[in-house]
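This report refers to the structure that appears directly beneath it.
The values are calculated or read from the model by the stated rules, or taken from the named source; none is laboratory data. Here the structure is a predicted model, which means the values were calculated and not measured. With ideal geometry, Cβ positions are generated from the backbone for all residues, glycine too; neighbour counts draw on all protein chains shown. For the accessible areas, the whole protein counts, side chains as well, though only heavy atoms, and no ligand, DNA or RNA atoms are used. Shrake-Rupley method; radii C 1.70, N 1.55, O 1.52, S 1.80 Å.
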Amino acid sequence: MKTGSQEGGWEQFLKMTVAEEHLLQATFSQPRRKDGQTARKVSVRPLRLKNEKFYQFERLQDNKAFHENVPESEAGGKLIETMSEYRQALVKTPDADVQLLANKKGAVTLLKGKPTGNPAKRETSHNRVKSYVIPDGEPVPFLVRLGVMTPEGRVVKAKYDKFRQINRFLEMIADVLPELPRGRPLTVVDFGCGKSYLTFALYYLLAVKEGLPVRIVGLDLKADVIRECSLLAQDLGWDNLNFSVGDIADYEGSSSVDMVVTLHACDTATDAALLKAVSWGASVILSVPCCQHELFRQISQPVLKPLLKHGILKERFAALVTDAIRANLLETAGYKTQMLEFIDLEHTPKNLLIRAVKGKQGDADDARREYEAFRDFLSVSPYMEREWPKDLPVAGR
């Protein structure tokens, strides 16, 4: 039902709708020109990219959608420009639904109706803020102490990528929580924990949010980093989050581990961590590799010479081969593996995460045969197979 109409002032209305952050959605339709060059419809919505406000203009033309993300400072002018191309628009705000109708001479009339938009959906985000395990705006002590959040809970602009990375990691953990044992304390080991943003986040998810009985150990070779992490855990009162200096291959601090995390462990250090995880029979394994050099020096296959003769291509190919081998060997040991897209770590462009869950494997014998054929075709001898303990389950040994 219309509650009123108003002649003129439509440009000011569009500018103020953006300036006062009242725009929920706008839809422009009925192009003024019938030349086929103007999109049949334009939809506009607010969104946030890396903590910056934008408005996305989506043009539908020839059954294709074209997107343009316009900064907030330019959005008012862009709305006015768009309206000059169409005969009508519907602008939804928390206070009213406003129709803009242009006559044949170009004069625009505003008609205001009752609001149908949902203020809760005022802003969407390519960063999926609404679904974050740790939302922006709620202060979390460890993130405040690590400089990711302000004391009021707002994400520091320069740390927004880190905030997204933490949440992406926690989403991957949350997906496999049902696979962890229940009815007893859990043990988690994070190999190569570094500054431990993700280690603290993991403890926060498991112990604080989920209320699970858990002990987490972070392991790294840098004594100064471990000391700082230990002090922060103590200050937070997280007694079951411990940090130790040590090498992955030599770690003997636990006899049974339920989850193993290995992020940015360089080259064969990742393999050593995976072997430890399998030897413990860990229920869940998550691994993001860093640099992968071992197989680069080994790969030899004349058929692939057009690829392998280029160093940069061979390097990328060797990294993919390395992770394929790791995943396949985990499958022979009784794990179901997935390759997931992660968010780049600070010091490496790698964005692949191997997630393995025990007890959901397919045919281990098939996995072993596939692995052997793949390995022999490329003439490689992977560290993970060479160091595989004889008492561990590997099909076909």
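Points to keep in mind about this one:
- Filter pass, residue 287 being at pLDDT 85 or above and either surrounded by 20 or more Cβ atoms within 10 Å (Cβ to Cβ) or among the polar types (S, T, N, Q) (or both): yes
- So residue 394, is it modelled with pLDDT of 90 or more, within 25 Å of residue 192 (Cβ to Cβ) and buried (at least 18 other Cβ atoms within 10 Å of the Cβ): no
- Of all residues in the stretch 59-72, those satisfying the criterion of being in contact with a strand residue (DSSP E or B) (Cβ under 7 Å, 6 or more places away or on another chain), more than 13 Å from residue 29 (Cα to Cα) and in a strand (DSSP E or B) are 65, 66, 67, 68, 69, 70, 71.
- The residue that is surrounded by the most Cβ atoms within 10 Å (Cβ to Cβ), counting only those in the stretch 34-43 that are part of a strand (DSSP E or B) and free of Cβ contacts under 8 Å to residues at least 40 places away in the same chain, is 43.
- Test: residue in the stretch 166-185 that is at pLDDT 90 or above, open to solvent by 10 Å² or more (accessible area, probe 1.4 Å) and under 16 Å from residue 236 (Cβ atoms): no
- Of all residues in the stretch 9-33, those satisfying the criterion of being of a type in the set (S, T, N, Q) and open to solvent by 70 Å² or more (accessible area, probe 1.4 Å) are 12, 25, 30.
- Checking each residue in the stretch 311-328 for being over 30 Å from residue 170 (Cβ atoms) and of a type outside the set (Phe, Trp, Tyr) picks out 311, 312, 313, 314, 315, 318.
- Test for residue 297: is it over 30 Å from residue 160 (Cβ atoms), modelled with pLDDT of 90 or more, charged (D, E, K, R) and touching a strand residue (DSSP E or B) at 6+ places or on another chain (Cβ under 9 Å): no
- Some residue of the stretch 292-310 being closer than 25 Å to residue 173 by Cβ and of a type outside the set (Phe, Trp, Tyr): yes
- For the condition assigned to a strand (DSSP E or B) and either farther than 24 Å from residue 9 by Cβ or touching a residue at least 24 places away in the same chain (Cβ under 8 Å) (or both), residue 75 does not qualify.
- Looking only at residues of the stretch 313-341 that are of a type in the set (S, T, N, Q) and either open to solvent by less than 60 Å² (accessible area, probe 1.4 Å) or in contact (Cβ under 8 Å) with a residue 40 or more places away in the chain (or both), we find that the one that is farthest from residue 364 (Cα to Cα) is 322.
- Flag: residue 262 matches the condition of being touching a Phe, Trp or Tyr at 6+ places or on another chain (Cβ under 7 Å), of a type outside the set (A, V, I, L, M, F, W, C) and open to solvent by less than 10 Å² (accessible area, probe 1.4 Å).
- The criterion of being in contact with a strand residue (DSSP E or B) (Cβ under 8 Å, 6 or more places away or on another chain), part of a helix (DSSP H, G or I) and either under 30 Å from residue 167 (Cβ atoms) or modelled with pLDDT under 90 (or both) holds for residue 323.
- Within the stretch 293-307, tally of residues that are part of a helix (DSSP H, G or I) and open to solvent by 30 Å² or more (accessible area, probe 1.4 Å): 8
- Residues that are open to solvent by less than 30 Å² (accessible area, probe 1.4 Å), more than 27 Å from residue 167 (Cα to Cα) and out of contact with any Asp or Glu (no Cβ under 9 Å at 6 or more places or on another chain), drawn from the stretch 44-78: 75
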